[in-house]
Amino acid sequence: METNESQLDLNHKQSSLINRHNGKLKIAAILALLVSTVTFNLGFANETDKDEFAKIYHVYVANDYVSSVADEATVQKIVKQKEQEASQQYQNIELDAGADITIVPEQVFEVATNEDQAIKDLQEAITAKAKAYSLKVGNTAVATLKAKEDVEAVIDGLKLQYVTPSQLDELKNNTPSAIPALQKDETQLVDVTLSADITNEEVLVEPAEVTSVEKAINLLQTGVEAKETYIVKSGDVLGSIAKAHNLTTRELLALNPSLNANTTLQIGQELNVTVEKPYVTVKAIYEKKTLEPINYEKVVKEDPTMLKGEEIVEQEGAIGKKEVSYTLIEENGVRTERIQTDENIVIEPKDNIVVVGTKVIPSVGTGEFAWPAEGGHISSQMGSRWGRYHYGIDIARPSGYTIKASDNGVVKTAGRHSTYGNYVVINHNNGYETLYAHLSKIDVSVGQVVGQGAAIGVMGSTGRSTGTHLHFEVHKNGAEVNPLAYLN
């Protein structure tokens, strides 16, 4: 019947105007009624009473026409069956098999549908979808979660990778103005945020796409669902493995801390080749208050009435204390900033004051010992040597051979010794004496006052000596001490 077929086409076109509503099946309104007069090919026309019409139901899945059925309940039954089947595999997920279905009723003279084929077609076309929430970072959908509460759990889970549950709870339960005042030697979390906003959108997806909170957290942290690994084969080297995975050798080593550039790879060894690119990072802000020391200043006062080399402590230094506040910023647990925000001095420091003499008397040493030769280097140090103890240092290969007084003093000895050869001893009249041995010539005499740097003789190889050099000793209160601890 031409009129009836035209009307069916019209109804099919109207399906594009049909929308889903709250996941329930809908009956689409027919915008045009069937014509009241139908012309039959038998050559006669009768006005037909609308009560003589029957109904069939055209079924669309995701706007695609599937089939028609005589009873709408057939569709409802298949929807319920699909939801029950899916619920056995995907537990604790809200399922909906009818959200994409639109039913368009049509009045017809006679119901002529193939119910068996229609049911088969609908069974294939209708699938159960999960009502879920798409988790987004910016405009990028990262994961799909089964409940809106899971989105909050993911956000909290990310933060809990770097702060404690008690810290996060306290932060949630307190407004900024209600955060307790920071006490001395205390660190307190004041804020924790993500580097990008995380939003959510209600969606219908395949149940298999729904992921757990734990997997979503890992994905946001790493940018990958699972780490890719590589198994070392014969002939592999670090460079070739890195190149095959678009890495530098340095990046490959960073991904595998147990390796270094000299590591010998073993066949079958498993290497991580995944560069993590997190979607978000966690920024934690702390406030810290601490008591810190204030070092005292060292002050030196000169006194011209005191001999040079003498010193008196006028005031012992004392360390002060200050209370300092900081803002500490960490990103993914790594300290990135430390900003001082306040400082209060609790105890002022006291300067350490030392009075030193500047008065110089030619016969009294200054306490500061000058190098006794014209350049040269140390050929032998103080200590055990050749089975006996060497009580000074030997200076050899100078630029000149003049021997000089190391400090002011009076010549105590100027003569010859079986071991020292020609030697000179100077008493510095401050508890110190210096000895100069193996001289080829002595230019001072006993009792002579000599100033620091004055020529006292010429370097030589007299006495027990294997070559031209100066043997130099320092005595403190009668005991030999290491000259290197005193020479400037």
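The values are calculated or read from the model by the stated rules, or taken from the named source; none is laboratory data. All values derive from a computational prediction rather than experimental measurement. Virtual Cβ from ideal backbone geometry, glycine too; neighbours counted across all protein chains shown.
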Tell me, please, whether a residue that is under 60 Å from the mean Cα position of the chain (by Cα), modelled with pLDDT of 95 or more and buried (at least 21 other Cβ atoms within 10 Å of the Cβ) can be found in region 402-424.
-> yes
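Per-residue answers, yes or no, for (1) within 30 Å of Lys359 (Cβ to Cβ); (2) in contact with a Ser or Thr (Cβ under 6 Å, 6 or more places away or on another chain); (3) touching a residue at least 24 places away in the same chain (Cβ under 8 Å); (4) not assigned by TED's automatic domain parsing to the domain that holds Leu160:
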| position | (1), (2), (3), (4) |
| --- | --- |
| Asn256 | no, no, no, yes |
| Leu265 | no, no, yes, yes |
| Leu271 | no, no, yes, yes |
| Leu291 | no, no, yes, yes |
| Asn295 | no, no, yes, yes |
| Glu311 | yes, no, yes, yes |
Given the structure, is Thr358 among the polar types (S, T, N, Q), over 24 Å from Gly157 (Cα atoms) and part of a strand (DSSP E or B)? yes
All-but-one check, Glu94 against (1) outside the structural domain of Thr211 (by TED's automatic domain parsing); (2) within 60 Å of the chain's Cα centre (by Cα); (3) surrounded by 17 or more Cβ atoms within 10 Å (Cβ to Cβ), failing number (3)
Inside region 127-166, the number of residues satisfying the requirement of being of a type outside the set (D, E, K, R), in a loop (DSSP other than H, G, I, E, B) and touching a strand residue (DSSP E or B) at 6+ places or on another chain (Cβ under 6 Å) is 3
Of those in region 432-467 that are assigned to a loop (DSSP other than H, G, I, E, B), in contact (Cβ under 8 Å) with a residue 40 or more places away in the chain and out of contact with any His (no Cβ under 8 Å at 6 or more places or on another chain), the residue surrounded by the fewest Cβ atoms within 10 Å (Cβ to Cβ) is Gly467
Subset of region 353-378, residues crowded, with 17+ Cβ neighbours inside 10 Å, more than 23 Å from His469 (Cα to Cα) and not β-branched (Val, Ile, Thr), comes to Gly357, Gly365, Gly367
Cβ pairs under 6 Å, 6+ apart or interchain, first in region 338-358 and closer than 16 Å to Glu314 by Cβ, second of a type in the set (S, T, N, Q), ordered by first then second residue, are Ile353/Gln315
Report task. Would you confirm whether any residue within region 162-183 is at pLDDT 90 or above, farther than 30 Å from Asp342 by Cα and not polar (S, T, N, Q)? Result -> no
Checking Ala261, Ala244, Ala196 in turn, the sole residue that is among the small types (Gly, Ala, Ser), farther than 30 Å from Ile126 by Cβ and surrounded by 13 or more Cβ atoms within 10 Å (Cβ to Cβ) turns out to be Ala196
Counting only residues in region 207-232 that are of a type in the set (Gly, Ala, Ser) and under 25 Å from Glu85 (Cβ atoms), the one nearest to the chain's Cα centre (by Cα) is identified as Ser212
Those residues of region 260-290 that are part of a strand (DSSP E or B), among the aliphatic types (A, V, I, L, M) and farther than 26 Å from Tyr162 by Cα come to a total of 1
The condition from (1) touching a Pro at 6+ places or on another chain (Cβ under 8 Å); (2) assigned to a loop (DSSP other than H, G, I, E, B) that Asp407 misses is numbered (1)
Taking region 97-126 and keeping residues loosely packed, with under 15 Cβ neighbours inside 10 Å and either in contact with a helix residue (DSSP H, G or I) (Cβ under 6 Å, 6 or more places away or on another chain) or at pLDDT 90 or above (or both) leaves Asp116, Gln117, Lys120, Gln123, Glu124
Margin query: Please verify whether Trp386 is without any contact (Cβ under 8 Å) to a residue 40 or more places away in the chain and among the aromatic types (Phe, Trp, Tyr), treating the condition exactly as stated.
Written below: yes
Counting only residues in region 295-323 that are touching a Lys or Arg at 6+ places or on another chain (Cβ under 8 Å) and surrounded by fewer than 15 Cβ atoms within 10 Å (Cβ to Cβ), the one nearest to Asp342 (Cα to Cα) is identified as Ala318
